[in-house]
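Worksheet: one structure, shown below.
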Amino acid sequence: MSTDRLEREREFHDRTFGEGSRSVAGRFYSIEAPSRGFYEDFLSQRATGEVLEYGCGPGSLAFFLAERGAQVTGIDISPVAIEQSRARAEKLGVADRTRFEVMNAEDLQFEPGSFDLVCGTGILHHLELDGAFAQLAKVLRPGGEAVFIEPLGHNPIINLYRRLTPKLRTEDEHPLLSADLDIAAKYFGKSELRYFHLTTLLAVPAHGRKRFGALVNALARFDEAVFRRVPPARKHAWMVGMVLAEPRAPTP
């Protein structure tokens, strides 16, 4: 990550964590139950050993994992995020099973094969992917896995919203495209993708109403059927779940 880009990311996330400035987008993130459920279910089944949370904060799942027995290391470019994470770990009584460090995700300061599991949400699209995937493959142990939830960048309606709300994101982030997903194959022998949130976005206006959860679940089931029967629709999802395994040296 270039020095300029690193500083822009650090400053943005320090401000975001310090001010809670992304809360205005909360109603959009309220439809995340299907993708969040996938992510939490995956982690709950693997909450053992050494875990790296790649991009963390006070709302991270480091605490969820630590409470289930994992030894968790969380990194973030934002010192504010790290300070808040340490404070929350103390409050929740899991400080002995967690550590949090300010670190560049494209330059991990860990020995090769340090972790059984790496996880993160909304982090890869802030990074240069060749460098990020290379780092992830380096720190995973043989048999280890990495899981991420990331936004996609093909849906024109979602992209219009992004253009209309530039202050909610950094100038360097880039929601992932199909070509970005293919980069993982250079560093991992196995890459599984699951797509989320196409018609579930229609539930946003119902946020806070009585049947909101039921509506999100119904639309999520419809989305699953669409993605299964019409594969080209997948790239227009809002989010993708990525499970990476079999780390290896990059192919030429």
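The values are calculated or read from the model by the stated rules, or taken from the named source; none is laboratory data. The structure displayed is predicted, hence computed values, not measured ones. Counting neighbours? That spans all protein chains shown, and the Cβs are built from the backbone with ideal geometry, glycine included.
Observations on the structure shown:
- One residue from 102, 94 being touching a Pro at 6+ places or on another chain (Cβ under 8 Å), surrounded by fewer than 21 Cβ atoms within 10 Å (Cβ to Cβ) and not basic (Lys, Arg): 102
- Take the conditions (1) basic (Lys, Arg); (2) within 25 Å of residue 240 (Cα to Cα); (3) at pLDDT 85 or above; residue 99 misses just one of them, which is (2).
- Any hit, the range 197-209, residues being surrounded by 19 or more Cβ atoms within 10 Å (Cβ to Cβ), of a type in the set (Gly, Ala, Ser) and under 21 Å from the mean Cα position of the chain (by Cα): no
- Of residues in the range 130-175 being of a type in the set (D, E, K, R) and assigned to a helix (DSSP H, G or I), the one nearest to residue 109 (Cα to Cα): 138
- Qualifying residue in the range 113-127 (condition: modelled with pLDDT of 95 or more, surrounded by fewer than 15 Cβ atoms within 10 Å (Cβ to Cβ) and either aliphatic (A, V, I, L, M) or within 22 Å of residue 186 (Cβ to Cβ) (or both)): yes
- Test for residue 60: is it of a type in the set (S, T, N, Q) and either surrounded by fewer than 21 Cβ atoms within 10 Å (Cβ to Cβ) or touching a His at 6+ places or on another chain (Cβ under 6 Å) (or both): no
- For the range 195-230, the set of residues classified as in a helix (DSSP H, G or I) and either among the aromatic types (Phe, Trp, Tyr) or closer than 29 Å to residue 117 by Cα (or both) consists of 212, 217, 220, 221, 222, 223, 224, 227, 228, listed by residue number.
- For beta carbons closer than 7 Å, sequence separation of 6+ or different chains, a first residue in the range 71-92 that is more than 17 Å from residue 115 (Cβ to Cβ) and at pLDDT 95 or above and a second that is assigned to a helix (DSSP H, G or I) and basic (Lys, Arg), there are no qualifying pairs.
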